[in-house]
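The values are calculated or read from the model by the stated rules, or taken from the named source; none is laboratory data. What you see is a predicted model; the values in this text were computed from it and never measured. Cβ sites come from the backbone with ideal geometry, for glycine too, and all protein chains shown count toward neighbours.
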Amino acid sequence: MLTPRRFVAVIVVVVLGLHYIFGIVLEDYEKLSTRFTDHLRFPIKSITLGVNDTTALAVDLAVVSTQESKPKKTDFTEQRRANATFVLLCRNSDLAGAASSIQQMEDRFNRNYHYPYVLLNEEPFTEEFKKRVSILTDAPISFGLIPKEHWFQPDWIDENKARDGRTKMMWQGIIYAGSVPYRNMCRFNSGFFFHHELLKPYRYYWRVEPEVKFFCDIAYDPFLYMEDHDKIYGFTISLVEWEATIPTLWSTVKEFIAEYPQYVQPNNAMNFLSDNNGESYNLCHYWSNFEIADMDFWRGEPYQAFFDYLESKGGFYYERWGDAPVHSIAASLFARKDQIHFFRDIGYKHDFFHHCPSGDDWSRGRCSCNPNDTFDYAPNSCLKRYENLFV
């Protein structure tokens, strides 16, 4: 029989049970109940309700009502995020440099956004490398092996011709003149990285190199900026290429354009690349060791046809065609000029070249660089040509 005392006991148990459940699943409920009980300040610590005259149900009301919730990690699934990832191409010997770059990226940006990392290597990463890098971030991190056919010099390349080209460049004192691995890297970044299995799920990427510096806080999401403003390529530094590394690249580009005119966008950025409407190349390019870009653009028909055409000429090995001029030429010709973006508020340094924001961008970003010391308008910079596209 349900006596009054038993009825009261059941009601109390139900209420407290619901309170406990709501406190777990509803953060706002916890906060509301805590504020409410703080105002009540119950003078009693506990009460005892008799059940069947012989059973006591002790309930510590004050403890239950005023219990504080434990700190919770940010639920990044609740934030709007782009379908994007960081990409690092590195070797095991790059451990210190890769760790430094990732830590800076976390400190300046990604600790608030939790975007994943994809690290790629021509050989398996060591366990030490994985451990040292993984501890730097709570974001997902993947380690991938580059397929041999995407990395090593193809068998159809005439090695004697390629060796002669390397020797000539060595005599000219060109950096990486004799390096086949450097050419492998340029070719991979030009035509294959965005097809890697670990990158196929993603649309946007931010390329990060070992031993780079990020000078400023980034208080917004550059990936979402790209998506929301229909951008396909973003850069921080632009400069001229060493002509001796690409002697036949532009003539090859002109051949491609003549054969596939349908791929050239009407409102393109040809004036960034050429001072005479495409007759010759002024050597300007976006420095690709920093790039935030749309992999669907690289995967699209125009760029794939373009890369296949360049690949067939063997210039990645007979000369030293770099991924920076290849990406820059493609973005400038096959996209609208307004789809290329200068991230002037992201401070960045690689080797001897760096971009430092100025004015409000510098102060808002708490930048550690000197705003009066930047490559932006140095003699070999091409930033002015980019800016003139919109004058």
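For the range 116-144, residues that are surrounded by 18 or more Cβ atoms within 10 Å (Cβ to Cβ) and hydroxyl-bearing (Ser, Thr, Tyr) total 2. Applying the condition of being touching a helix residue (DSSP H, G or I) at 6+ places or on another chain (Cβ under 9 Å) and not in a loop (DSSP other than H, G, I, E, B) to the range 227-238 and asking which residue is nearest to Asp296 (Cα to Cα) yields Tyr233.
Here's the yes/no breakdown for (1) surrounded by fewer than 19 Cβ atoms within 10 Å (Cβ to Cβ); (2) closer than 27 Å to Trp298 by Cα; (3) out of contact with any Asp or Glu (no Cβ under 7 Å at 6 or more places or on another chain):
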{"residue": "Ile102", "(1), (2), (3)": "no, yes, yes"}
{"residue": "Trp171", "(1), (2), (3)": "yes, no, yes"}
{"residue": "Val180", "(1), (2), (3)": "yes, yes, yes"}
{"residue": "Ser190", "(1), (2), (3)": "no, yes, no"}
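Applying the condition of being within 12 Å of Ser332 (Cα to Cα) and aliphatic (A, V, I, L, M) to the range 254-293 and asking which residue is nearest to the chain's Cα centre (by Cα) yields Ala269.
Among the residues of the range 188-198, none is identified as assigned to a helix (DSSP H, G or I) and either more than 19 Å from Tyr233 (Cα to Cα) or outside the structural domain of Pro325 (by TED's automatic domain parsing) (or both). Count of the range 104-121 residues, restricted to those that are closer than 19 Å to Asn92 by Cα and either of a type in the set (Ser, Thr, Tyr) or under 10 Å from the mean Cα position of the chain (by Cα) (or both), is 2.
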